[in-house]
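The structure appears right after this line, and notes come after that.
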Amino acid sequence: MAVSTMDSESARTPQPQAALTKGGRSLLPFDTLSAKLGPQGKHYVCGSVAAFSNIMVTFPIQKVLFRQQLHGVLATEAVRQLQRDGLRNLYRGLLPPLLQKSTTVAIMFGLYQDFSRVLLDYAGGSGVPELITRSFAAALAGTAEAILTPFERVQTLLQDHRHHGRFNNTAHTFRTLLTEHGIREWYRGLVPILLRNGPSNVLFFGLRGPIKEQLPEAKSRAGHMVNDFVCGGLLGAALGIMFYPLNVVKSRAQSQVGGAFQPCGQVLLTVWRERGSSVVMLFRGAHLNYHRSLLSWGIINATYELLLKLL
């Protein structure tokens, strides 16, 4: 079967191993780890480490963006809010996204590979185009990520300064929501997350191979990293803009504690009216989200592909 365009470009291109060995010995400490993980397990590990690296670098930017999504303020005002909160609170709420993103990106890359393998085997000889099969695999992986919605929920509450006096930390927030409102409260904002994850995964995995093919051919490992960074960054930035209104809806819904669960469309309509029925105001913070996504997904894609080669 011809290789689908949904495969990672670097995964399709064998990398020379001569530079990684000397006198028949590996110069890298990854051989044993790779053997233990197996051909599929390494996708989960590479995705998790890539996401961890990204969160540590971009978390302060995410906090500024969150304030813009929630309150519709300018970036300068969001930064002033963080300054007023103090340096001590700058990384408040770090643990939930660290756990959530490390796990969801591991699921994103790992389950995509697993679902692709199973579905391609199942659809073999059925005449179903490989692109369709891999798109379905990407959508399933994105949907599976939504099981970790509680981490986004807690992150939202810890980043919202209006709840600083109510929730102390990650464990306290989880416990308070569960005891006062039940486990359903953990999943407030699930619908916009589902609407975002599946389609964005399909586009990400479907386009990153073709985009990389349009970039100048890399002649070195550093060149491959640059291409992977550009490819992932451009895709992440574009998808961040495309699905930005859903993230606004998610932030608004998840900032509420208790009360009725409002439909996704109703929350969007409420935000739209509050911001003067202005598209510009609805996308307030989108420019920062673009640059954050460019950096975040550039780091994730480049780190993932590098680790995949090393393993």
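The values are calculated or read from the model by the stated rules, or taken from the named source; none is laboratory data. For clarity, every value in this text was computed on a predicted model and none was experimentally measured. Please note: Cβ atoms are built from the backbone with ideal geometry, for glycine as well, and neighbour counts cover all protein chains shown. Only protein heavy atoms, including side chains, enter the accessible area calculation; ligands, DNA and RNA are left aside. Shrake-Rupley method; radii C 1.70, N 1.55, O 1.52, S 1.80 Å.
Quick notes
- Checked against the criterion of being closer than 21 Å to Pro245 by Cβ and in a helix (DSSP H, G or I), segment 211-220 contains not a single residue that satisfies it.
- The helices (runs of 4 or more DSSP H) found wholly in segment 100-202 and carrying at least 1 residues that are more than 20 Å from Gln62 (Cα to Cα) occupy 130-145, 170-181.
- Scanning segment 231-239 turns up one or more residues that are open to solvent by 60 Å² or more (accessible area, probe 1.4 Å) and either assigned to a helix (DSSP H, G or I) or among the basic types (Lys, Arg) (or both).
- Residue match in segment 71-85 (condition: among the basic types (Lys, Arg), assigned to a helix (DSSP H, G or I) and touching a residue at least 40 places away in the same chain (Cβ under 8 Å)): no
- Filter result for the condition that a residue is part of a helix (DSSP H, G or I), over 19 Å from Phe59 (Cα atoms), of a type outside the set (Ser, Thr, Tyr) and without any contact (Cβ under 8 Å) to a residue 12 or more places away in the chain, over Gly206, Gly276, Gly223: Gly223
- Boolean, Phe109 is among the hydrophobic types (A, V, I, L, M, F, W, C), under 21 Å from the mean Cα position of the chain (by Cα) and open to solvent by less than 20 Å² (accessible area, probe 1.4 Å): yes
- Taken over segment 261-291, the criterion of being charged (D, E, K, R) and either touching a strand residue (DSSP E or B) at 6+ places or on another chain (Cβ under 7 Å) or loosely packed, with under 15 Cβ neighbours inside 10 Å (or both) is satisfied by Arg273, Glu274.
- Filtering segment 243-260 to residues that are touching a helix residue (DSSP H, G or I) at 6+ places or on another chain (Cβ under 8 Å) and open to solvent by 50 Å² or more (accessible area, probe 1.4 Å) leaves only Arg252.
- Positions within segment 91-101 being more than 13 Å from Leu157 (Cα to Cα) and at pLDDT below 80, in sequence order: Tyr91
- Residue within segment 35-58 that is in contact with a Phe, Trp or Tyr (Cβ under 6 Å, 6 or more places away or on another chain), part of a helix (DSSP H, G or I), modelled with pLDDT of 80 or more and under 25 Å from Tyr244 (Cα atoms) present: yes
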